[in-house]
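Undergrad: Before we start, here is the structure in question, set down as C-alpha cells.
Please treat every number below as a calculation from the coordinates, not as lab data. Computed from a predicted structure; not experimentally measured. Every residue, glycine among them, receives a Cβ derived from its backbone with ideal geometry; neighbour counts consider all protein chains shown.
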There are 2 protein chains.
Amino acid sequence: MPKKPSMNRRTFVAGAAGALGAGVLKGVTGVTPSLAQEAEIPVPPDPTRVQGPPASLVGSRSPFEQPVRLLHPRLTSSRTPLQDLLGTVTPSDLHFERHHGGVPLIDPDRYSLLIHGMVERPMVFTLEELKRFPSVSEIRFMECAGNFPRNAGEETTPQQICGLTSQSEWTGVPLATLFREVGVLPEATWFLAEGQDAAVMTRSIPVEKAWDDALIAYGQNGEALRPENGYPARLFLPGWEGNASVKWLRRIELSDGPFMTREETSRYTDPLTGGKARQFSFVMDARSIITHPCHPGRVTPGWMEVRGIAWSGRGRIRSAELSFDEGATWHRADLQEPILPKAHVRFRYMWRWDGEEATILSRTTDETGYVQPTQRELVQARGVGTSYHLNPITGWRIRPDGTVVYRTEVWG
Amino acid sequence: MPKKPSMNRRTFVAGAAGALGAGVLKGVTGVTPSLAQEAEIPVPPDPTRVQGPPASLVGSRSPFEQPVRLLHPRLTSSRTPLQDLLGTVTPSDLHFERHHGGVPLIDPDRYSLLIHGMVERPMVFTLEELKRFPSVSEIRFMECAGNFPRNAGEETTPQQICGLTSQSEWTGVPLATLFREVGVLPEATWFLAEGQDAAVMTRSIPVEKAWDDALIAYGQNGEALRPENGYPARLFLPGWEGNASVKWLRRIELSDGPFMTREETSRYTDPLTGGKARQFSFVMDARSIITHPCHPGRVTPGWMEVRGIAWSGRGRIRSAELSFDEGATWHRADLQEPILPKAHVRFRYMWRWDGEEATILSRTTDETGYVQPTQRELVQARGVGTSYHLNPITGWRIRPDGTVVYRTEVWG
C-alpha cells in the first residue's frame, strides 16, 4: 500500500533531547522544553519496500517520540514528563532529578561508605562489598517534598504539577543488614546520612526506618543508578520525601538524636500558622494525577480511557476515584495489578465525553484510610506558608472544542 | 577526604556505546563488544569540592557504566547483557532485538491496523483509536525461540547463552477487545499477524491466545515502544516465542486454519528424530540462568550472593534451585516478590566459597510442575536437529584463582 510521494517526508517538531545531550546545556534557560527544533524525518512511503537499519549496541527512541524532562531555570532540578508516560515504570533517563551542588562524577572503584558513631564496630564498605550482601529489588516511587508548582495557570501540565515523582525498580542491600554488621547500639535513635556531592547533603533519619525498609541502593531499573540519582550508591527510604534519601552516600553516623542540619531546619521544614512549624515530615501523603486527558492535549467526543497514577508513602493504594461534577459524586476507577506498597499505581476509567464543557478531578485513598485532601483543606490545616508536602486534588477542564486546560480554582 | 592527585584521572575501558550511537555501526563485524575504546575519565579528587554538571533534559549513564547489547555478525539481532543487570526490568535500550528486514521507520500518524477475514465487520484502527480502548500494563518477559548459542566454550557469557530474553512493562489493548469489536465469527480458529517491516513478517496464531492474554502493545517500560521492538504497535503474546509477537503490526486476518507461512514451516519449526517435526511450538519452557558469579568475572573466597533469573512461558515460577555437586543435591534459592506470571523472577542464594574449584548449576520449576531439563534430556527427547526451544540447565565453574568459566560439559 504505497503512499503518495508527497507524504514521504514529514516535518516534525522534535524535542530538544535530540540536539542537546546531557551536560551540553548551553543556552538552556527556560522551564519548558521549548528548544524544540524542526526536523525532517524521512519516512519511507512503504516501509515493506525498504531494508531498515540494522541492530545496534544501544537502542534509541523513535524520532517521533522524544519525551524530555522539564528543567528548572537554575538547572537544579528536572521534572518527569508524566503526561507522556504509560504504565508505572519511569525510564531512568526521564526520572526526575534534584540536586544542590550539581551531579558529582564518582569513580565506583574509589567509592566507600563509612558507618560509625554509636556502633560496636565502625566499618567502611566498598561498593563491591555492599554487593556481596543479600540484596532486594523493589518497585517504589521517589518523590520530592516540594512537588507542587508555585504558580499554576490553565497551561500547567502534569509535569509541572507533580513531575517531581518518578518510579523505578530499586536494587540494593537493606540498611538493617549493615546496621547488624556494625552493631548499632541500643541508645542510637537517629542517624546522619551524608552525601559526597558539592552540597555535602546531610539529613537526620530515625533508626526505625533502617530496621523497617531503608536500602542502600545501587541499582535502578535493572542497571546501575544513574548519576543524577546517586551513582554509585544512595540511601533509599521508601515512601519518604526524596531529599532524605541522600544520594552519593559516603557516611552514616549513629547518634541519640537528630543532627539539626541546614536541610532540616532552614529547609524541608513546613512553616504552619501561629509561628509553628512541622519538622521531620518525612512521609509523602497519598496523591493522584490524571495524565490523560490533560494539558496539553485535545480530545474528541465519545468513549475514551481516563488514565492516571496514584501513590502513597504510607503503603498501598486502596482506591482512585474520579469526579465529573466538582466533587459531588465520585466514581471508582480500575487499579492495575499488582498494587505494590509505596508505589505508583495506574488507574483507568472508561468515560464518554458528550462534547459539552466538562471537568474531571481525581482523588485517592490509601490502605490506612488517608484520603487525598482538597487544596482548601490543606490551606485550612497548614496555612499558606509552606510549599512542601502539598498533595491537593487536581483536575482538568475540557472545553467544548476539545482542548484541555488545568482546573485552577481552589475548591472543596 | 581528598585523594592524591595521581588518582585524579582514571584510564577506563569504555563500552563501544559511547563512541557508537545506534545506527552508526560502520565497521562492526564481531559478535562481542570488543570495540571498547580507552578513555580518560576526569574524576575530581574530591567531588565535594567541585560543582557538578547541572540538570539535563534526558539523562545518560555514568561513564563507568556502559552496558551494550551483543551484535550478531549480520546485525540481524542483538542480545541483552544479562550479566550486567540487576532486578528484573530490562532497560529499553538494552532489550534484545531480532528482525528479518531491519528496523522500519514508521510515522505514527500514518499507522493503521486492519482486522478482517472471518469477522462480522472488517475494521481499520488508527493508533489514536487503539489508545482509546481500555488498556492494561503487564511486566512480562519476551524471549526469542532460538535463545541458545550454537557453539559454547569456557568464555561464553550469560549474554551469549540466553541474551535473547528481556523483560518490560508492556502497555496495550487486549486483542480480545478488538476481536469483540470486529465480531470474530465462531468458525475462526486461527489468525494471521502481518508486520510492515521489509520482511513482511507473518505468523499464524490460534484464536484462543487472543481470548486469553494477547495484547496489541504500544507501550514499553512507561514510554512508547522502541523502534526495534515494533514501534508504534506490535502483537504481544505473553510467554510465547518472540517471533510470533509480530512487530510493526499492520494486519490481522481471521481464518479457520493456520496460514502455513515461511516463518512457521521453513523456520520456527523444530526438526525431531525420525523425520518428524514439532510445529507451532509457541510456549517458551521454564528456564534459569545464574548471572552472578558468571563469565566474565572473578570472585574472592567468602560469602557472596549467587544471583540469577528464572522464567516460564507457562505461568509463575514455583522454585529456583542451585546445585554445587553436579546436580546430586539442590538448594532452594529465595525468589524476589512479586512473582508475576510469564515474567523473569530474580533468585538469590547466599553461598560461601571456600576457594576450592567449584561448580554451580541452576534449575527452575514452574507452577505447572514443569522442571527445567538437562541438556542430555533435551537431546534424548528431541535429537540434535533443532536450535529452537533449548532451555537446558547451565552453570559455571569457579577456578581456584577465582576466575569463572562456562560449564561446557553435557551432563545429567
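Undergrad: Given the options B:47, B:73, B:271, which has the most mean-square fluctuation in a GNM of chain B, springs set between C-alpha atoms less than 10 angstrom apart?
TA: Fluctuation is largest for B:47.
Undergrad: Give me a single rounded figure for A:78-91: the average over its residues of other chain Cβ atoms within 10 Å of their Cβ.
TA: That works out to 6 on average.
Undergrad: With springs only between Cα atoms under 10 Å apart, run a GNM on chain A and tell me which of A:177, A:365, A:48 wobbles the most.
TA: The residue with the greatest mean-square fluctuation here is A:48.
Undergrad: Checking the a/c ratio against 1.5 first, then a/b against b/c, what shape does the Cα gyration tensor give for segment B:163-279?
TA: Oblate is the answer for segment B:163-279, as a/c is 1.5 or above yet b/c matches or exceeds a/b.
Undergrad: If each label sits 7 angstrom from Cα along the C-beta direction, how far apart, in nm, is residue B:152 from its counterparts in the other copies?
TA: 5.5
Undergrad: Can you give the charge dipole size of segment B:110-164 about its Cα centre, rounded to the nearest 20 debye, using +1 on the beta carbon of Lys and Arg and -1 on the beta carbon of Asp and Glu?
TA: 300 debye
Undergrad: Pairs A:131/A:247; B:276/B:342; A:131/B:342: which exceed 24 Å Cα-Cα? Provide the component values of the computation, followed by the final result.
TA: On the way: A:131/A:247 17 Å; B:276/B:342 29 Å; A:131/B:342 28 Å.
Going by Cα-Cα distance, B:276/B:342; A:131/B:342 fall outside the 24 Å limit.
Undergrad: Would you mind telling me which residue in B:311, B:396, B:190 has the biggest mean-square fluctuation in a Gaussian network model of chain B, where springs connect alpha carbons within a distance under 10 angstrom?
TA: B:190
Undergrad: Still on this structure: Classify segment A:287-406: rounded, prolate or oblate, from the alpha-carbon gyration tensor (a ≥ b ≥ c, eigenvalue square roots; a/c under 1.5 rounded; otherwise prolate if a/b is larger than b/c)?
TA: Because a/c hits 1.5 or more and a/b fails to exceed b/c, segment A:287-406 counts as oblate.
Undergrad: Checking the a/c ratio against 1.5 first, then a/b against b/c, what shape does the Cα gyration tensor give for the protein assembly as shown?
TA: oblate
Undergrad: Which chain B residue hugs the B-A rotation axis most tightly by its Cβ, and what is that distance in angstrom, to the nearest whole number?
TA: B:338, 2
Undergrad: Something else now. Taking +1 at the Cβ of each Lys and Arg and -1 at the Cβ of each Asp and Glu, which of A:405, A:359, A:288 sits farthest along the dipole of segment A:287-406 towards its positive end, judged by Cα position relative to the Cα centre?
TA: Value: A:288.
Undergrad: Another question, if that's okay. Just checking the output field for A:299-306: average partner chain Cβ neighbours within 10 Å of each residue's Cβ?
TA: 2
Undergrad: So what is the calculated 222 nm ellipticity per residue for chain B, using -39500 (n - 2.57) for each DSSP H run with n of 4 or more, over all residues, to the nearest 500 deg cm²/dmol?
TA: -2000 deg cm²/dmol
Undergrad: Distances in nm, one decimal, shortest first, from residue A:46 to the same residue in every other copy, taking the label point 7 angstrom along Cα→Cβ.
TA: Ordered by distance, the counterparts are at 6.9 nm.
Undergrad: Distances from residue A:257 to the same position in the other copies: list them in nm, one decimal, shortest first, using label points 7 Å from Cα along Cα→Cβ.
TA: Here the equivalent label points are 8.6 nm apart from this one.
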